[in-house]
Amino acid sequence: MRLDHTTAVALHVDRVACVVEPEWRSFLKDAAWLHDIGYSPELVVTGFHPLDGARWLRDRGWADQICRLVAWHTEPLEEARLHGLDEELTAEFRRPPRLTSAALAWADLTSSPTGEPWDAERRLADILERYPPGSIVHEATRASLPALRAAVWEIENLLRNQT
């Protein structure tokens, strides 16, 4: 199931790569394929998949830009804080450029868990339904809704203005 989601994210990134900084486009495409690698049971160290994935990639020599995108994908700071890992996240990985981060968040939030295209509001509602109130993911998602919606709006606005 996660491979279907990842494939959809990569296809969506192909659609929006043209709106991000040219020097970040190939990194964005690679990060789309790798953004959820930290869910792999063999890689779990902290239980916070963006950080686990980014560290694993960094330790194997992947480009810093890819590691940063994986670490910061889809507004993870609140979840990192709830895990007690916000200082580690910010110390180890600089935030990528805002527009590139927004493009990856948009691609992630417009891809269902099984790879279908969804609008971001449906995806956010799905996350909030799958994770119970009081859980770290539920609470982090609720706290991050304004930033997530802003990222999606920014990318969708850029896409509308391209046509």
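The values are calculated or read from the model by the stated rules, or taken from the named source; none is laboratory data. These numbers were taken from a predicted model, which means no experiment stands behind them. Positions of Cβ are backbone-derived with ideal geometry, glycine not excepted, and every protein chain shown enters the neighbour counts.
Comparison of Pro41, Pro96 shows that the only residue that is assigned to a loop (DSSP other than H, G, I, E, B) and either in contact (Cβ under 8 Å) with a residue 40 or more places away in the chain or closer than 29 Å to Gln162 by Cβ (or both) is Pro96. Answer with yes or no whether Gly115 is small (Gly, Ala, Ser), free of Cβ contacts under 8 Å to residues at least 24 places away in the same chain and assigned to a loop (DSSP other than H, G, I, E, B). Criteria not met by Gly115. Counting the residues of region 19-38 that are surrounded by fewer than 19 Cβ atoms within 10 Å (Cβ to Cβ) and either at pLDDT below 95 or outside any helix (DSSP H, G or I) (or both) gives 1. The set of residues in region 63-91 being outside any helix (DSSP H, G or I), crowded, with 18+ Cβ neighbours inside 10 Å and not charged (D, E, K, R) consists of Trp72, His73, Thr74, Pro76, Leu85. Does region 47-56 contain at least one residue that is surrounded by fewer than 18 Cβ atoms within 10 Å (Cβ to Cβ) and in a helix (DSSP H, G or I)? Looking for residues that are surrounded by fewer than 18 Cβ atoms within 10 Å (Cβ to Cβ) and in a helix (DSSP H, G or I), one finds none in region 47-56, hence no.
The listed residues are Asp30, Asp14, and the only one of them that is touching a Phe, Trp or Tyr at 6+ places or on another chain (Cβ under 9 Å) and touching a residue at least 12 places away in the same chain (Cβ under 8 Å) turns out to be Asp30. Selection over region 115-162 of residues that are surrounded by fewer than 14 Cβ atoms within 10 Å (Cβ to Cβ) and at pLDDT below 95 gives a count of 3.
Quick check, is Asp108 in contact (Cβ under 8 Å) with a residue 60 or more places away in the chain and either acidic (Asp, Glu) or part of a helix (DSSP H, G or I) (or both)? Criteria met by Asp108.
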